[in-house]
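Student: Attaching a single structure in C-alpha cells format; questions to follow.
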There are 4 protein chains.
Amino acid sequence: MSTFTPQDPDFEARIRKSFARQRFMGTLGARLVRVEPGLCEIELEHRPELTQQHGYLHAGAGASIADSAGGYAGYSLMPADSSVLSVEFKLNLLEPARGERFIGRGRVLRAGKRLTVCEIELEAWHQGRAQRCLYGLQTLACLHGQPDDGSRG
Amino acid sequence: MSTFTPQDPDFEARIRKSFARQRFMGTLGARLVRVEPGLCEIELEHRPELTQQHGYLHAGAGASIADSAGGYAGYSLMPADSSVLSVEFKLNLLEPARGERFIGRGRVLRAGKRLTVCEIELEAWHQGRAQRCLYGLQTLACLHGQPDDGSRG
Amino acid sequence: MSTFTPQDPDFEARIRKSFARQRFMGTLGARLVRVEPGLCEIELEHRPELTQQHGYLHAGAGASIADSAGGYAGYSLMPADSSVLSVEFKLNLLEPARGERFIGRGRVLRAGKRLTVCEIELEAWHQGRAQRCLYGLQTLACLHGQPDDGSRG
Amino acid sequence: MSTFTPQDPDFEARIRKSFARQRFMGTLGARLVRVEPGLCEIELEHRPELTQQHGYLHAGAGASIADSAGGYAGYSLMPADSSVLSVEFKLNLLEPARGERFIGRGRVLRAGKRLTVCEIELEAWHQGRAQRCLYGLQTLACLHGQPDDGSRG
C-alpha cells in the first residue's frame, strides 16, 4: 500500500461531520471506526432488521457500508473545499455475510486530482475470525469548490 | 428484450415468499410491485432515514433494491427447487437519486442453467418524471436442489 | 435511447483521424464502420490470428474493439479541443464469440462535462444471424484543452 | 494471499498447452512466464503494433493478457478434466500503459468448485521501474468434465 499525505490536516473532523449527516448510516446502525489518510473503516453489528432471506446480512447493507467507506477513504485525501461522489462500484460476493459484526473498508489505490480509485471490501467477524465476504473496486470523483456541507454549494 | 418462459408456473408466489423473508427489504420500506418472467420491480418511497449527506437517497439503499430486483428477475426463470445467489454486480451512478419514490428494476439479459446475467437499474420519480439514476450489470448463480426456504437445504 | 447533439460538427473526421492513429486497431484488422452522435461501431473479421484455445475470437480482442467503440461513441459528443480516456470498463461474456465477423458497439448512456458512461457490446455474426456475446459498461473522462492529436497537449 | 493446493499436479503443463493453443497470444507476442498455484503471469514487449493513438499500449491489449493471466491463475486450481471460462471482468485504467514491457498478472482471491474470483492487473515496466496501470476483478467458471483440449468435449 502507498502512503498518502492529506491536503487537509482536518480531514478526520470533516469526514466525521459528513458521516453524521448520512441518515442512512444511522438507520443501518453503522459507526465510523477508523479514518486515516487513504483508509476508512465503518462497522456494523448484525441485526435481524438487516438480513436477507437466509438470515445473513443483506448484500445491499454490506455494499452500503463498503461504498461509504470507500468514499471517505478517497475523501480523506481531497481538499477541505471539496465534496466526493461515487462514480461507480463493482462488488464480488465472495462468501455469505455471516457474522456478529462487519467491517466495511475502503483503501485508496490511486488518488488523482479529479478521479480516485479505491478497493472496497466487507469483512465478517464470526466467532473471533474474520472472513472477507465482499470485495470490489470503486471510482470516485472530487468536486472542487463544492464543500460537502453545502456551505458554498 | 427476449421473451422468457418460466420453468416454474408458480414463480411469482415463490418470489413473494422469498421477498417477505428478506427483513432488510422491510427495514427499507421496499415493496415488491411487479414480477414477470425475467423481470422484477421493487418500489421504495423517499424517507429521511434513507438519505446520504445531501438529502438524496443513499446509493447503498438504491443498490439494495436494484440488486434484489435483479436477483428475483433471474429467480423467476429458475426451477422451484432452487435458490439464487448474487455472484457480483457493478453499478454506475448516473445521477443523484432525487425523488419522491424509486423503482429498482432487474431484467434478465441471459438465462443459463447455472449463471444468469441481468441488467439492473434504479429509477427516481420526481414531480411526475422518471430519471434513471443507477444502471448496472449483475451475475447470478442458480443453486439447484437447494430451495430458498431451506426446506431441503 | 436519447438523441444527442454534438458540440463539434466535425466529430466524425476527428474520430476517423484518431482511429487511424490507433496502430492496434490495424493489427487486429478492425475497421471503423459507423460514427454517429453518441454511437460508434467497429467491425472485425474472424481470423485465426485472433482466436483463443477453442477457435473462437479471444475475449480480449472483442473487448478491445468494444472498448474503442465506446470511447469513440463518447468522444463524438466531446469538444474538438479535447481527448478521451477510458476510466474503467466491465464486460460480461454472455456467449462464445463464434462468427465470421464481429461488431463492437458503444452507445452513450450519460454524457457529462467530465464523465461519460457508455454501454458497450460485441455482436457476433454467424451464418447471417447476430448474437450479443459481450455486454458491459464503460466510464470515460473528457480531457478539456488536450486535443487527441497532441497539437496543444 | 492464501496458499492454494492444486488438484492436478500437472497443472503447469496443462496450462502451457492451453496457452500455446491461444493464437491471439502469439499475435500479441505474449509469453507465459510464471505459473504457480493460483497465480499466473504473462509478459508482453512493447511494440508499435499494439499502441493506441498516443503511442501507449492499447488498453485492449493489456486487458487481453490480464484476462488470460487471470483465467490461467484460476485454471491452475481446477481439475485436469475441466476447462475454464471467463464469466466477466472489470478493469480500472489507473495510469497510461507506458513502458518497454508489461506483465499481466492474475491471482486467485476465492477458488470455488464452480466459480473462482481473481484479481487481475497489468504492470508496466519503464526504465527499470514498475507501475500498475490496470487493476480489476474477474469471475471464472469451471466446466467440469470438459477438458480444454476438447478431447472429451
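Just so it is clear, none of the values below were taken in a lab; they were calculated from the coordinates. Because the structure is a prediction, the values reported are computed rather than measured. Using ideal geometry, Cβ is built from the backbone for each residue, glycine included, and neighbour counts are taken over all protein chains shown.
Student: Pick out which of D:E95, D:E36, D:E123 has the largest mean-square fluctuation in a Gaussian network model of chain D, springs linking Cα atoms closer than 10 Å.
Tutor: D:E95
Student: Okay, moving on. Would you mind classifying chain C by shape? Square roots of the alpha carbon gyration tensor eigenvalues, ordered a ≥ b ≥ c; an a/c under 1.5 is rounded, otherwise it is prolate if a/b is larger than b/c and oblate if not. Each step should come with its number before you reach the end.
Tutor: Working: a/c = 2.07, a/b = 1.71, b/c = 1.21.
Prolate, because a/c is 1.5 or more and a/b exceeds b/c.
Student: Nearest 10 degrees, 0 to 90: what angle lies between the long axis of helix B:11-21 and the longest principal axis of chain B (Cα atoms)?
Tutor: 60 degrees
Student: Just for the Cα atoms in the range C:7-93, what are the lengths along the principal axes, largest first, rounded to whole Å?
Tutor: Here the spans come out as 44, 23, 18 Å, largest first.
Student: Further question on the same structure: Could you work out the mean count of beta carbons from other protein chains within 10 Å of each residue's beta carbon in A:132-140?
Tutor: Other-chain Cβ atoms within 10 Å of each residue's Cβ, averaged: 4.
Student: I need to check one value: relative contact order of the range B:13-153, counting alpha carbon pairs closer than 8 Å and at least 6 residues apart, in percent. Mind showing how you got there, number by number?
Tutor: Numbers: 343 pairs, mean separation 34.8, N = 141.
With pairs under 8 Å counted, the relative contact order is 25 percent.
Student: Build a GNM of chain C with springs between Cα atoms under 10 Å: which of C:S86, C:S68, C:S76 gets the top mean-square fluctuation?
Tutor: C:S86
Student: Which chain B residue sits with its beta carbon nearest the axis carrying B onto C, and how many Å away is it, rounded to a whole number?
Tutor: Reported as residue, whole Å: B:K90, 2.
Student: If you don't mind, there's one more thing I want to ask. Given the options A:P37, A:P48, A:P79, state which has the largest fluctuation in a GNM of chain A using a 10 Å cut-off (strictly under) for Cα springs.
Tutor: A:P48
Student: Sticking with this one: Looking only at other chains, what is the average number of their beta-carbon atoms within 10 angstrom of each beta-carbon in A:46-52?
Tutor: Other-chain Cβ atoms within 10 Å of each residue's Cβ, averaged: 5.
Student: With the Cα gyration tensor of the protein assembly as shown giving a ≥ b ≥ c as the square roots of its eigenvalues, does the rule (a/c under 1.5 for rounded; else a/b larger than b/c for prolate; else oblate) give rounded, prolate or oblate?
Tutor: Taking the square roots of the gyration eigenvalues as a ≥ b ≥ c, the protein assembly as shown is rounded.
Student: Here's something else I'd like to know. Would you calculate a helix-derived [θ] at 222 nm for chain B, using -39,500 (n - 2.57) for each DSSP H run of n ≥ 4 and dividing by the full residue count, to the nearest 500?
Tutor: Theoretical 222 nm ellipticity from helices: -7000 deg cm²/dmol.
Student: Run through the other copies and list how far each one's label point is from that of C:H144, in nm with one decimal, shortest first; the point sits 7 Å from Cα along Cα-Cβ.
Tutor: 1.1, 5.6, 5.7
Student: Taking every eigenvalue of the Cα gyration tensor of the range C:42-129, multiplying by 5 and rooting it, what semi-axes result, largest first, whole Å?
Tutor: The answer is 27, 12, 11 Å, longest axis first.
Student: Same structure again: Taking the 0 to 90 degree range and rounding to the nearest ten, how far is the long axis of helix D:59-75 tilted relative to the main principal axis of chain D, both from C-alpha atoms?
Tutor: 20 degrees
Student: Assume the label is 7 Å from Cα along Cα to beta carbon: what separations in nm does A:T5 have to the matching positions in the other copies?
Tutor: Spelled out, the distances from A:T5's label point are 4.8, 4.9, 6.8 nm.
Student: At 7 angstrom along the Cα-to-beta-carbon line, where would the label on C:R34 sit relative to the other copies? Give the distances in nm, shortest first.
Tutor: The projected label point of C:R34 is separated from its counterparts by 2.7, 4.4, 5.1 nm.
Student: Now for a separate question. Among D:L122, A:L93, which comes first, second and so on when ranked by fewest other beta-carbon atoms within 10 Å?
Tutor: Lowest count first: A:L93, D:L122.
Student: Ok, one more. Per residue of D:61-68, count partner chain C-beta atoms within 10 Å of its C-beta, then hand back the mean as an integer.
Tutor: Per residue, the number of nearby Cβ atoms from other chains is 5 on average.
Student: Per-residue HN-Hα couplings for the range D:137-150, Karplus 6.51 cos²θ - 1.76 cosθ + 1.60 at θ = phi - 60°, whole Hz, x for Gly and Pro?
Tutor: 10, 9, 10, 10, 10, 9, 9, 6, x, 10, x, 5, 8, x
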